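The next block holds one structure in the form of C-alpha cells; read it before the comments.
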Amino acid sequence: MSDNKLPRSVVISGTGLWTPPHSISNEELVDAYNRFAERFNAEHADAIEAGEIAARPLSSAEFIEKASGIKSRFVVSREGILDPERMRPYLPERADDELCLQAEMGLAAARDALAAAGKKPGDIDAVIVGASYLQRAYPAIAIEIQGALGIDGFAFDMEVACSSATFALQRAVDTICSGAAKTVLVINPELASPQVDYTDRDSHFIFGDVAVASVVESAETCTADDAWEILGTRAKTVFSNNIRSNFSYTSRAADVDPFGDGKLFRQNGRKVFKEVCPMAAAHIEKHVRETGGAPAELARYWLHQANINMNNLIARKLMGDGASEERAPVVLDRYANTGCAGSVIAFHLYRDDLQPGDRGVICSFGAGYSIGSLVVEKARR
Ligand code: CO8
C-alpha cells in the first residue's frame, strides 16, 4: 500500500509488551566498559606507545545521555555484559525441543496482545515475526510461535532492521486487504544485546532487548473497545552503508572471523542523524497529508526510538511550537534503542488518554535506510 486509501477497514485491536526483567543504567555500563578499556590499555601499553594499536578511549554516562537521551536499557541477561572479562550477554544454548529465546520473548508479548484484542489463537489466521536479527534461519521463529500457540494458518519471519515492525504491520494490512486472512498476529521480538559490541565505546550504550506484538484484523471481526483504524500505510527504502551488520553464515566460506571487525552492529551515527531526520520528516508529512490530515493537527507521534535529539528535531519540523513530549512520547530513556520495537512500545504505552477520532502516526526509521509509517485513528465504537 502506498498512496491509496485502504480497500477495506482494518484495525489494530490490541498490542502487547514484554519487558526483560533486568535493567542496566548508563553508569553501570560505563563502569564495566571503562574497567575493560583500562585493563586493555595497560595490557597493550607497549603496542599503544609504539603506535601499533589505538588505546581504548573511555566512555561517559553524561555523554551518552546528552548525545542520545538514553539513561538505561532492559536486557535478557546482565552479568556477562557487565563482566569486563566477557563483555557480552550469557545466553545458554537451548535444546531443539525447548522454545528458543526469541520465540519465548515473542510469545509473552503475543499473549498480551491477544488478551488486549479479546482474541484466542483459533481466531488468528497468520503470524508474522519482524525483527532486526533472527536467532536462526529456519524453521521460522514465527512458525515456532504459531506452533506454541496452536494457531492454524501460516507464519513467516521478515527482517528490515528498524522498520521490521512497521513493515510487518503493513504486510498484515495487505494480507487482510487481499482477503488471504482476517486476523494477523504481528510479533517483534528484538533480541538486540547479542549483536552489540560492548567493547566499542561509540556504540556500547545504544541497544536494549524487548518484545512487542499487535493484533491486526478486519474491522468486521473486531470486538475490542480500544481499536485503531489504519487509515493508510507508507514504506520507503533507500540504500545506505551508514548502518551495517556483516554478520553472516557466509563468513565460514570466506575464511573470515564471523565476529571480527564490522561483523556486529556499526554505524556512522552523525551521517545517519543528518540524512534520516529530513527523510523521516518529509515521509511523515506526505503520508499524513495523503490521509487527509495536517501534521500539526495530529494528536500523537509514536516515533522510532533511537535518539531523543532526532525525535525532537522531527517533532519540531512537523508540529512547530506545538511539539511536546506529550505528543511525541519518549521510551528510549529507559528502553534505549530497541530496533524495530520502539515506535510500537510508544504506541502501546501512550494512547489511553486519546479520544475516538483522534489521529496519530506510528513511524520507524533506520538501517537500510528504511522508513515505515501507519496513520491511525481511534475508532468510534
Ligand atoms: N562516551 C564519551 N564520548 C564518546 C562516546 C562515549 N560513549 N561515544 C562517542 N564519544 C565521542 C566521540 O569519539 C566524539 O569525540 P570527538 O569529537 O573527539 O571525535 C564525540 O563524542 C562525538 O561523537 P559523535 O559525533 O559520534 O556523537 P553524536 O553526537 O553524533 O552521538 C550517536 C552519537 C548517539 C550515536 C548519534 O550520532 C545518533 O544517535 N545518531 C543516530 C543514529 C541512529 O539513529 N541510528 C540508528 C541505529 S539503529 C538501526 O537502524 C537498526 C539497527 C538494527 C539493530 C537493532 C537490533 C535490535
Legend entry - Residue match in the range 217-225 (condition: in contact with a Gly (Cβ under 8 Å, 6 or more places away or on another chain), of a type outside the set (A, V, I, L, M, F, W, C) and within 12 Å of the ligand (Cβ to nearest atom)): no
Inset, instruction - Have a look at Lys71, Lys119 and point out the one that is more than 30 Å from Gly368 (Cβ to Cβ) and of a type in the set (D, E, K, R). - result: Lys119
Inset, instruction - Please go through the range 226-245 and pick out each residue that is of a type outside the set (Gly, Ala, Ser) and within 16 Å of the ligand (Cβ to nearest atom). - result: Lys236, Thr237, Val238, Phe239, Asn241, Asn242, Ile243, Arg244
Inset, instruction - Keeping to the range 337-379, report how many residues are out of contact with any strand residue (DSSP E or B) (no Cβ under 7 Å at 6 or more places or on another chain) and either crowded, with 24+ Cβ neighbours inside 10 Å or at pLDDT below 95 (or both). - result: 1
Legend entry - Residues within the range 166-199 that are among the charged types (D, E, K, R) and in contact (Cβ under 8 Å) with a residue 60 or more places away in the chain, tallied: 3
Inset, instruction - Would you please name the residue that is surrounded by the most Cβ atoms within 10 Å (Cβ to Cβ), looking only at residues in the range 262-278 that are near the ligand (Cβ under 6 Å from one of its atoms) and in a helix (DSSP H, G or I)? - result: Val272
Legend entry - Selection from the range 159-186 of residues that are assigned to a helix (DSSP H, G or I) and either of a type in the set (A, V, I, L, M, F, W, C) or under 12 Å from Val11 (Cβ atoms) (or both): Ala161, Cys162, Ala165, Phe167, Ala168, Leu169, Ala172, Val173, Ile176, Cys177
Legend entry - Residue tally, condition farther than 19 Å from Gly232 by Cβ, more than 13 Å from the chain's Cα centre (by Cα) and surrounded by 24 or more Cβ atoms within 10 Å (Cβ to Cβ), over the range 156-180: 1
Inset, instruction - Looking for whichever is crowded, with 21+ Cβ neighbours inside 10 Å, closer than 26 Å to Ala211 by Cα, among the charged types (D, E, K, R) and touching a Lys or Arg at 6+ places or on another chain (Cβ under 9 Å) here; the options are Arg334, Arg234. Which one fits? - result: Arg234
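This table checks each residue for (1) away from the ligand (no atom under 16 Å from the Cβ); (2) assigned to a helix (DSSP H, G or I); (3) in contact (Cβ under 8 Å) with a residue 12 or more places away in the chain; (4) within 20 Å of Gly269 (Cβ to Cβ).
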| position | (1), (2), (3), (4) |
| --- | --- |
| Ala306 | no, no, yes, yes |
| Met310 | no, yes, yes, yes |
| Ala315 | no, yes, yes, yes |
| Ala341 | no, yes, yes, yes |
| Gly360 | yes, no, yes, no |
Legend entry - Conditions (1) under 26 Å from Glu325 (Cβ atoms); (2) within 16 Å of the ligand (Cβ to nearest atom); (3) at pLDDT below 95: number failed by Ser248: (1)
Legend entry - Number of positions in the range 282-299 that are in contact with a helix residue (DSSP H, G or I) (Cβ under 7 Å, 6 or more places away or on another chain), buried (at least 20 other Cβ atoms within 10 Å of the Cβ) and in a helix (DSSP H, G or I): 3
Inset, instruction - Could you tell me whether Asp125 is surrounded by fewer than 24 Cβ atoms within 10 Å (Cβ to Cβ), of a type outside the set (A, V, I, L, M), modelled with pLDDT under 95 and farther than 25 Å from Gly262 by Cα? - result: no
Legend entry - Which numbered condition Ser240 fails, given (1) more than 17 Å from the chain's Cα centre (by Cα); (2) part of a helix (DSSP H, G or I): (2)
Inset, instruction - Report yes if some residue within the range 326-337 is within 20 Å of Lys66 (Cβ to Cβ), assigned to a helix (DSSP H, G or I) and more than 14 Å from the ligand (Cβ to nearest atom); otherwise report no. - result: yes
Legend entry - Scan of the range 199-216 for residues that are more than 9 Å from the ligand (Cβ to nearest atom) and buried (at least 23 other Cβ atoms within 10 Å of the Cβ), ordered by number: Ala211, Val212, Ala213, Ser214, Val215, Val216
Legend entry - Failed item, numbered, when Leu191 is tested on (1) away from the ligand (no atom under 16 Å from the Cβ); (2) at pLDDT 95 or above: (1)
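The values are calculated or read from the model by the stated rules, or taken from the named source; none is laboratory data. Source: prediction; values computed, not measured. No Cβ is skipped: glycine too gets one built from the backbone with ideal geometry, and neighbour counts run over all protein chains shown.
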